[in-house]
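The values are calculated or read from the model by the stated rules, or taken from the named source; none is laboratory data. Only a predicted model underlies this, so the values are computations on that prediction, with no experimental measurement involved. Methodologically, a virtual Cβ is constructed for each residue, glycine included, from the backbone with ideal geometry; neighbour enumeration extends over all protein chains shown. We work out accessible area using only protein heavy atoms, side chains counted, and drop any ligands, DNA or RNA first. Shrake-Rupley method; radii C 1.70, N 1.55, O 1.52, S 1.80 Å.
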Amino acid sequence: MLADRSGTVVALHTNTPGFTREMAQQSLTSSLSHQERWWFGSKNLYEVFLKPIYFGPAAANHLLGFLVIGFEIDDHVASQISRIANGKVAFYYGDNIVTSTLGPAVEAELARQKLPEADRGISQAQSVQLDKERFLETTLELAPQGSPNVRLTVLKSYDQATAFLQKLNRLLLGLGVLAVLVGSTLVFFISHTFTRPLSSLLSGVAALEQGDFTYALDAGGGDEVAELARAFDRTRESLFHTQQNLIESERLATIGRMASSISHDLRHSLAAIVANAEFLCESHLSREQREDLYQEVRAAVNRMTELIDSLLEFSRTRASLRPTYGSLRSTLDDAIRTVKSSPEFHDARIDVHQVGSVEGWFDHRKLERAFFNLVLNACESLPSSSGKVDLELCGSGSGVDVKVSDNGRGIPDPIRNTLFEPFVSQGKENGTGLGLTVVQKIIQDHGGEVVVERTSPEGTVFRITLPHPAPGARTSDGGASEEPAAEARINSTKQA
């Protein structure tokens with residue numbers, strides 16, 4: 001509100017309707033004469049602040065008028081004070097309740113009761129009954145003496161205090177139940193400590209039934225149960241060695257079946273060698289014709305050597321590994337160079353990415369052959385113009401992961417589920433179906449795993465996981481073993 005120097009209201013603005021200019025004029029006159037800070041009109045209560053407006057400095061006393069700013073005591077203010085006081089509140093102007101946080105029935109009951117006046121600003125707390133609910137009430141005078149009676153009444157409900165006590169009782173009851181549960185758990189833990197060896201033995205029997213020979217048993221102590229656990233562990237180890245021997249025997253039997261299966265391929269290659277050798281004996285052939293016949297003989301010999309060497313790989317056990325310490329990056333680079341030595345893959349795009357250390361104790365010569373087979377398969381599936389092969393090596397504390405990715409035509413549907421079985425091949429003119437089988441054999445001998453992570457018409461991803469071998473798996477001298485004769489022959493042929 002703005003007023004001139006005579007105290008006449010010249011402008012008024014309120015956020016809520018009802019407080020008129022006449023009410024403002026009357027309240028301003030009272031404030032100028034009695035320094036009244038509370039204005040009331042049309043059920044609206046305001047706390048006001050009056051400030052004179054001077055022309056120039058205040059000491060010159062050139063009064064122009066007055067500015068009055070008032071803040072309404074409404075439901076929002078009452079709600080804020082109610083949260084601070086943690087109770088119900090009511091604002092009075094005289095004997096009338098201006099606003100409150102009480103319900104309509106409780107507010108009407110409070111308006112009918114005559115509460116005692118506050119002594120020296122605040123009254124003594126007392127109990128009141130409002131609409132079947134008991135409250136603890138106290139009143140605070142907000143206006144100075146001689147001004148209209150403006151006060152704030154705060155009420156705390158006995159019912160809410162009773163509810164709090166009931167909640168506290170429930171909390172104590174819950175803590176008691178929790179204490180019982182904790183005690184029961186402690187008793188169970190102590191009991192489990194005495195029965196744990198027997199439980200471990202039963203779990204080991206269940207694991208052995210599922211084919212797990214590495215389940216850790218609790219064989220500590222010197223009682224009968226611990227002795228039984230140690231005897232079971234010895235029996236399990238014996239069964240494991242027996243099973244390994246059976247597996248090796250089955251592998252040798254498989255080699256016999258495989259030799260019978262590839263006899264046709266060997267005869268075909270031998271027939272090609274004999275036929276081309278007879279042609280070479282003819283004298284009228286030109287040098288170019290003799291070179292072509294020689295290359296066909298050489299290709300047939302390479303196919304036969306590859307078949308024989310693949311069979312020999314299946315006859316070797318895991319004990320034939322000769323690990324040496326070195327980097328798998330160098331092994332992979334050697335395999336890539338061998339693939340690129342072939343004329344059709346001389347310009348193949350092959351990218352290698354390495355993350356972390358990829359060094360360790362591995363049979364690098366055998367792994368080179370496994371990498372060679374995977375990279376060769378990837379190159380053979382590439383499109384002629386936009387093909388590429390991505391190789392990723394990622395080293396960690398547990399081992400090394402190798403990914404071989406290509407954007408080729410993908411693995412045909414008929415062989416996806418039997419991809420690693422012997423003699424599974426499709427779409428390759430000279431494929432023997434042993435390449436991926438050899439790869440799986442070499443990786444498994446290293447304690448690792450090779451899987452097809454993804455395949456589609458847009459490409460294929462093979463993932464190899466190679467764990468770091470235990471120190472006992474290394475050779476005593478740390479050196480590399482001599483490569484068998486057949487493998488040495490195929491490596492020398494590929495390099496040529």
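Observations on the model:
- Pairs with Cβ under 6 Å, 6+ apart, first in the range 1-30 and in contact (Cβ under 8 Å) with a residue 60 or more places away in the chain and within 21 Å of PRO52 (Cβ to Cβ), second open to solvent by 50 Å² or more (accessible area, probe 1.4 Å) and of a type in the set (Val, Ile, Thr): LEU2/VAL10; ASP4/VAL10
- The sole residue among ASP406, ASP363, ASP351 that is under 21 Å from HIS446 (Cβ atoms) and touching a Leu at 6+ places or on another chain (Cβ under 8 Å) is ASP363.
- Filter pass, GLN444 being open to solvent by 70 Å² or more (accessible area, probe 1.4 Å), touching a helix residue (DSSP H, G or I) at 6+ places or on another chain (Cβ under 9 Å) and at pLDDT 85 or above: yes
- Meets criteria (surrounded by fewer than 20 Cβ atoms within 10 Å (Cβ to Cβ), at pLDDT 85 or above and among the hydroxyl-bearing types (Ser, Thr, Tyr)) for SER386: no
- Selected residue (only one of GLY41, GLY94, GLY70 is closer than 23 Å to PHE135 by Cα and either open to solvent by less than 50 Å² (accessible area, probe 1.4 Å) or in contact with a Gly (Cβ under 6 Å, 6 or more places away or on another chain) (or both)): GLY94
- Lone unmet requirement of (1) open to solvent by 20 Å² or more (accessible area, probe 1.4 Å); (2) out of contact with any helix residue (DSSP H, G or I) (no Cβ under 9 Å at 6 or more places or on another chain); (3) under 30 Å from PHE164 (Cβ atoms) for PHE55: (3)
- All positions within the range 239-253 that are closer than 28 Å to ALA207 by Cβ, modelled with pLDDT under 80 and open to solvent by less than 90 Å² (accessible area, probe 1.4 Å): ARG251
- Set ALA277, ALA259: member being at pLDDT 80 or above and either open to solvent by less than 80 Å² (accessible area, probe 1.4 Å) or at positive phi (or both): ALA277
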